[in-house]
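All of the numbers you see were taken from the coordinates with simple rules; none came from a lab. This structure is a prediction, so every number in the text was calculated from the model and none was measured. We place every Cβ from the backbone using ideal geometry, glycine too, and count neighbours over all the protein chains shown.
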Amino acid sequence: MGKILEVNNLHTSFFTHLGEVQAVRGSDFSMEEGDILGIVGESGSGKSVTALSVIGLIDEPGKIKEGDIIFDGKDLTELSYKELSDLRGNDISMIFQDPMTSLNPVFTIKNQMMEVIRRHTDMSKAEAKQHAIKMLEIVGIPEAEARISSYPHEFSGGMRQRVMIATALSCNPKLLIADEPSTALDVTIQAQILDLMLSLQKEIKTSIILITHDLGVIAEVCTSIIVMYGGMIMEKGTVDEIFYEASHPYTIGLHKSVPSMSRKSNERLVPIAGSPPDLLKPPAGCPFSPRCDHAMQICLELPAPMFDINKTHCSACWLLHEDAPKVEGIEKGEAKNG
Amino acid sequence: MAKYFIKRFVVAIITILIIATLTFVMMHSIPGGPFTREKALPEAQIQILEEKYHLDDPLIKQYGDYMAGLFRLDLGPSFVKIGVEVNELIALGIPPTAKIGLFALILIVILGIPFGIISALKQNKPIDYIVMFMATLGVTIPSFVVATLIIFVFAGGVPALNWLPTFGLTSPLGYIGPVLALAGYSLSFVTRLTRSSMLEVLRQDYIRTARANGIREYKVMAKHAIKNALIPVITYIGPMIAAIMTGSFVIEKIFHIPGIGGYFIESITNRDYTVIMGITVFYAAFYIIMVLLVDVAYALVDPRIKFTKGKS
């Protein structure tokens with residue numbers, strides 16, 4: 001299996017009245033066909049902007065400043081808006097956080113789904129309708145043939161997200177980007193939606209980028225994980241590596257701040273002190289350094305390069321440098337480009 | 001749905017009755033009467049006239065008689081214009097008023113909505129600034145100033161631009177001035193409303209969804225955005241239709257148009273009781289019908305609106 005997506009040195013900024021907000025500052029990652037890549041990070045860490053950059057939907061005043069996005073052998077940053085829109089919904093699809101507002105309230109489900117199907121295929125109206133009904137059945141909408149003529153407000157939140165997924169997958173995309181697809185839903189529905197995505201992923205062999213701030217979701221679903229903070233990638237690795245062998249103080253901090261069943265009832269959660277950096281004036285060094293317990297002088301001055309820990313696992317932390325003092329719980333790796 | 005409309009119809013009738021009653025009470029509480037003149041008429045003559053028009057009856061009986069007439073759609077005779085029925089007066093005054101109103105309305109819809117949309121799509125570009133500048137002027141300058149300016153500039157004040165007649169509707173050109181003056185405010189308001197509503201809709205998640213699904217940009221606008229953006233515009237346009245179609249007394253006065261507005265004002269100064277009542281009730285009924293039509297149009301545009309509290 002080859003690489004489906006390769007993002008190199010992506011910089012995306014928003015040029016506001018106040019100045020340039022550097023939302024993504026040099027993301028590098030790639031994913032194999034059939035991967036489910038999780039991107040975690042807190043609000044404002046650049047995860048959604050990374051995804052929107054891939055699909056070419058950065059709105060004014062935002063702009064991709066630098067970097068390549070190689071999808072299926074094509075550099076998406078070189079394509080015109082029109083060429084990109086031929087890809088969107090066809091080869092790359094995206095579903096969003098809030099299913100309540102993501103469907104157009106004044107058109108029926110049938111109308112909206114058929115529009116997308118007919119945009120990207122040569123199907124006749126009747127064929128497109130049949131295909132839409134089939135997609136709704138696949139995502140588990142009961143009585144799809146009757147329900148397809150409903151308006152979005154006649155569906156519940158979970159149902160609407162299923163409709164969104166059905167629409168997004170209706171043209172067999174090679175890549176599905178799901179931006180917090182379950183965040184706005186209640187917990188039981190969340191699980192159903194995630195299960196649905198997993199089973200569909202196996203069936204139609206789509207690669208998925210799953211953006212979330214919910215570590216539980218990531219652990220359950222993903223094959224590999226990117227941890228983002230302050231517009232930069234802090235750590236990359238497989239699920240096991242990120243969960244059991246985390247080597248970046250931020251990732252470790254995240255794990256400590258998650259409640260767990262095995263924790264004693266009187267044990268407190270450990271929050272990460274401080275708040276995320278202002279991306280209008282990002283810190284010169286590692287974005288996490290002001291909140292990091294182990295920060296050294298160099299951390300404040302220079303962002304850490306990616307240190308390879310093994311073939312799949314790497315981490316942007318100076319503590320992994322061979323000259324750094326040893327800190328418990330963090331194993332050293334080889335500098336890739338430092 | 002039928003049940004809903006029957007209910008609305010009953011409410012409309014009650015509303016008209018209340019309006020008629022209030023007008024009746026207020027009208028009779030103004031001092032003076034239809035036969036009060038600067039040069040007082042002889043006592044005996046007034047008595048004969050009052051007897052003829054039943055103004056010597058107790059008020060409550062006059063009220064009852066009037067309401068009975070209203071149910072037969074008979075608005076009674078004018079007290080001042082001898083031998084003219086109020087029904088005839090309305091039939092005479094409405095055509096010129098309604099013609100101007102209709103043209104103004106067409107102008108508002110076919111210019112206001114597209115201007116608003118273009119302005120929203122070109123937000124913060126020169127064309128947006130120009131349209132918004134004009135629209136702000138249109139909203140702030142009163143119609144009588146616009147009317148006077150039109151007459152001054154295009155009807156003789158500037159010799160090179162002497163294109164329009166100063167008054168009357170005898171030539172088709174005569175419509176231009178009153179239509180522009182009448183449409184000015186609403187045209188500007190609709191433009192602004194459409195623009196802001198469109199900008200609001202363009203920020204919605206479903207527009208992003210349409211784009212993320214690769215829908216072509218013109219279709220995102222023409223299909224997904226506009227239908228949603230028009231919902232608030234319809235709310236405004238409905239009652240506006242009633243206001244525009246019933247015309248403006250001031251504009252009719254300035255352009256010397258024999259419309260219903262002129263008769264209305266004249267009837268108030270003359271204490272022409274039946275004309276006051278007749279035109280008020282007519283306006284009220286027209287307004288109520290328009291609001292009802294808007295509610296129907298609403299349901300056609302927005303599927304979330306239902307007339308009955310049924311299961312969904």
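A few notes on this one:
- Annotation: the residues A:E60, A:E33, sorted from fewest to most other C-beta atoms within 10 Å of their own C-beta, follow the order A:E60, A:E33.
- Order of A:T206, B:T269, A:T312, A:T167 under a 10 Å beta carbon neighbour criterion, fewest first: B:T269, A:T312, A:T206, A:T167
- Karplus 3J(HN,Hα) series, Hz, for the stretch B:135-152 with 6.51 cos²θ - 1.76 cosθ + 1.60 (x for Gly, Pro): 5, 5, 4, x, 6, 8, 7, x, 5, 5, 5, 4, 4, 5, 4, 4, 4, 5
- Positive-end residue of A:T77, B:I82, B:F24, charge dipole of the protein assembly as shown with Cβ unit charges: B:I82
- To the nearest ten degrees, helix A:157-169 and the longest principal axis of the Cα atoms of chain A are 90 degrees apart.
- Estimated FRET transfer efficiency (B:K253, B:L293; beta-carbon r; R0 25 Å; 0.05): 0.30
- Sparse-neighbour loop sites [trypsin sites (Lys or Arg not before Pro); the stretch B:40-121; at most 11 other C-beta within 10 Å; DSSP]: B:R72
- Taking Cα atoms only, the orientation of helix A:125-138 departs from the longest principal axis of chain A by about 50 degrees.
- The protein assembly as shown: C-alpha gyration tensor shape, a/c 1.5 cut-off, then a/b vs b/c: prolate
- Averaged over the residues of peptide A:50-62, the number of Cβ atoms from other protein chains lying within 10 Å of each residue's Cβ is 1.
- Top of A:I165, A:I298, A:I69 by mean-square fluctuation, Gaussian network on chain A, Cα under 10 Å: A:I298
- Overall form of the stretch A:43-107 per C-alpha gyration tensor (a/c, 1.5; a/b vs b/c): oblate
- Summary value for the stretch A:168-230: 39 percent relative contact order, contacts being C-alpha pairs under 8 angstrom separated by 6+ residues.
- Peptide B:212-225 has a mean shielding of 6, counted as Cβ atoms of other protein chains within 10 Å of each residue's Cβ.
- Over the stretch A:100-172, relative contact order from alpha-carbon pairs under 8 Å, at least 6 apart, %: 44
- Seen against the Cα atoms of chain B and their longest principal axis, helix B:86-107 is set at about 20 degrees.
- Of the residues B:T97, A:T16, the one with the fewest other Cβ atoms within 10 Å heads the list, and the complete ranking is A:T16, B:T97.
- From its DSSP helices (H runs of at least four residues, each -39,500 (n - 2.57)), the protein assembly as shown gives a residue-normalised ellipticity at 222 nm of -15000 deg cm²/dmol.
- Shielding by other protein chains, A:81-90, mean Cβ within 10 Å: 3
- Point-charge dipole on Cβ atoms (K/R +1, D/E -1) for chain A, about Cα centre, debye to 20: 600
- Trypsin sites (Lys or Arg not before Pro) lying in DSSP loop within the stretch A:3-84, provided at most 14 other Cβ fall within 10 Å: none
- Cα shape, chain B, gyration tensor, a/c 1.5 rule: oblate
- Note on the stretch B:160-210 and the stretch A:8-24: Cα centroid distance 40 Å, given to the nearest whole angstrom.
- When both bridge partners sit in the protein assembly as shown, DSSP labels roughly 65% of those beta bridges antiparallel.
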